[in-house]
Structure formats: C-alpha cells, structure tokens
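Please read the structure below before turning to the comments.
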Number of protein chains: 2
Amino acid sequence: MDKKQLPTVEKCEFVAEVLKVLSHPQRLLILCQLTDEAKSVGDLEKLSGASQSAVSQFLGKMKAQGLVKASKQNQFTYYDIADPDIKKLIQALYTIYCL
Amino acid sequence: MDKKQLPTVEKCEFVAEVLKVLSHPQRLLILCQLTDEAKSVGDLEKLSGASQSAVSQFLGKMKAQGLVKASKQNQFTYYDIADPDIKKLIQALYTIYCL
DNA sequence: GCATTATATTACGAATACATAATATAATAA
DNA sequence: TTATTATATTATGTATTCGTAATATAATGC
C-alpha cells in the first residue's frame, strides 16, 4: 500500500476494508486484547464472550487478511497482531475513546 | 460516552458502531472531505462518485447519528463534521495510511 | 405558470454478514 | 485406547446492508 497522498477512492477502499474488520464489537475487543500480547483462542473466547466457532472464524479471516498471525504451540494456537498499522490504529482509537 | 478506562465490551460496542460508518469507501471519502470544510450534497456526490440518493441517505444517517451536521442555505444543504472525535479519527487514519 | 436544479424519501431485490449448530481434527491425559 | 480439551471447518437460516429506481419536495430561473 503506497502512502504519501491525499485520500483517493482507492485508498478509501483499502482503509474501509480494514475498518470493516474493526467495526464489530467482539472483533474489536479481540484486536485490542492482542495489542498487549499474544493470546490463545480460548483466552480470546473468554475475554470477548463470543463462541468458540465465532472466535476461530474471526481469527482465521483476520489472519487471511494479514492483520494477525498465528503460532501453534502444542494444542494451543496463539494469535498476535501482524500488521503494525493495525496496532497504530488501535492505539489511536484508545487515545480518542478511552483516555 | 465516558472515557478513561480500558476497552470494555460496552466501549467496543460504541466504537464499533462508529467504525461501521467509516467502513464503507464512499462514506469514508465523504467524511475525509468534510474534515477540510463543509460541502454540499452535490459536491460530495461528485467527489465520492456515489449516486445522489446514496449520498443523501449516507448523510441523513450520519446526521441522525450525530457525526455530521447540516445547514441549509437556499437550495443547497451544506454538511460538516459535528463530532470532534470523528475528526480526530479521520486525522489518525490520515497519519497512519496517507503519510 | 412551467422547467430546472438540489435534496430527501421510500421501496425493494441482491448481496453480505452474523450467529449458531454440527462436525472434524489434533493433542494430551487417563 | 478412550476421554477430554483446544481449535478449525462447514453448513445454514436470518438479519443487515447496499445499490438503485422511483417519487416527492423545495427553491430558483425563465
């Protein structure tokens, strides 16, 4: 994704795609939790209140989009933020809405 | 909306609602354009490439949500950002994705 | 008045997203 | 080997969103 430009239709298409992922309460909570440290699917299930299936599906899709990365350790899969821009975005949201 | 807290489910529900509005290419472009200065529906129609009906509907809904405000001058309706948090958010997106 | 321009509203089919249930797989424990 | 735990996958009905067409309203210009 090239930067240094005014918002164009193409840029907005890309960013809107990212925002669509964040525009869901439980997905947003999951991503917020992951900015601290990697967490297992089970951890995120408890923290978000979403079902096992939903959490796994959310993470699978976000991984496919390159937003998070997975590392399997024994029977657990730990997820972590993969995209630094997402981390910045979550931090910006925190600054605006939580400080 | 009270602030100063870690992300909670309720906070995420609120923020996700806001992000849902931004998670659409043309709505995002419209909001980006409005951070500079108020613009008419027709201006936004041209800038976003969305249909007259769609632009009017987008603006109507965003107004109902308190994100933008309208001021009618003669036959034109000028829209402007109403929520300072949205302005901050758009600026953060600009910093992350356009600089 | 009539035509034109600007905006808003309503309606509706098509596409998408959601939540949930059911099932599968893989690892560990007993 | 059987049971249990952790995660992934698939399926599916429902709800929501989107885009567009049609129509309405309101102001301006002729």
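The values are calculated or read from the model by the stated rules, or taken from the named source; none is laboratory data. Worth saying up front: this structure is predicted, and the values here are computed from it rather than measured. FYI the Cβ positions are ideal-geometry reconstructions off the backbone, even for glycines, and counts take in every protein chain you see. Heads up: the accessible areas ignore ligands, DNA and RNA and are worked out on the full protein's heavy atoms, side chains in. Shrake-Rupley method; radii C 1.70, N 1.55, O 1.52, S 1.80 Å.
Quick one: how many residues across region A:69-93 are farther than 30 Å from B:Lys87 by Cα, in contact (Cβ under 8 Å) with a residue 40 or more places away in the chain and open to solvent by 60 Å² or more (accessible area, probe 1.4 Å)? Spell out how you get there, then give the answer.
Within region A:69-93, the first condition is being farther than 30 Å from B:Lys87 by Cα, and the residues that meet it are A:69-79.
Applying the additional criterion that residues be in contact (Cβ under 8 Å) with a residue 40 or more places away in the chain yields A:78-79.
Filter again for open to solvent by 60 Å² or more (accessible area, probe 1.4 Å), leaving A:78.
Total satisfying the criteria: 1.
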* Asked: When you go through (1) out of contact with any strand residue (DSSP E or B) (no Cβ under 9 Å at 6 or more places or on another chain); (2) over 19 Å from B:Lys20 (Cα atoms) one by one for A:Ile81, which number turns out not to apply?
  -> (1)
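Grab the helices (runs of 4 or more DSSP H) fully contained in region B:9-99, keeping just those with 1 or more residues being within 15 Å of DNA strand D (Cβ to nearest atom) and away from chain A (no Cβ under 14 Å).
Numbers: elements: B:9-22, B:25-36, B:41-48, B:52-64, B:84-98.
Because the criterion is at least 1 residues that are within 15 Å of DNA strand D (Cβ to nearest atom) and away from chain A (no Cβ under 14 Å), the helices (runs of 4 or more DSSP H) in region B:9-99 that meet it are B:41-48, B:52-64.
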* Asked: Residues in region A:8-60 that are among the charged types (D, E, K, R), within 11 Å of DNA strand C (Cβ to nearest atom) and over 10 Å from the mean Cα position of the chain (by Cα): how many?
  -> 2
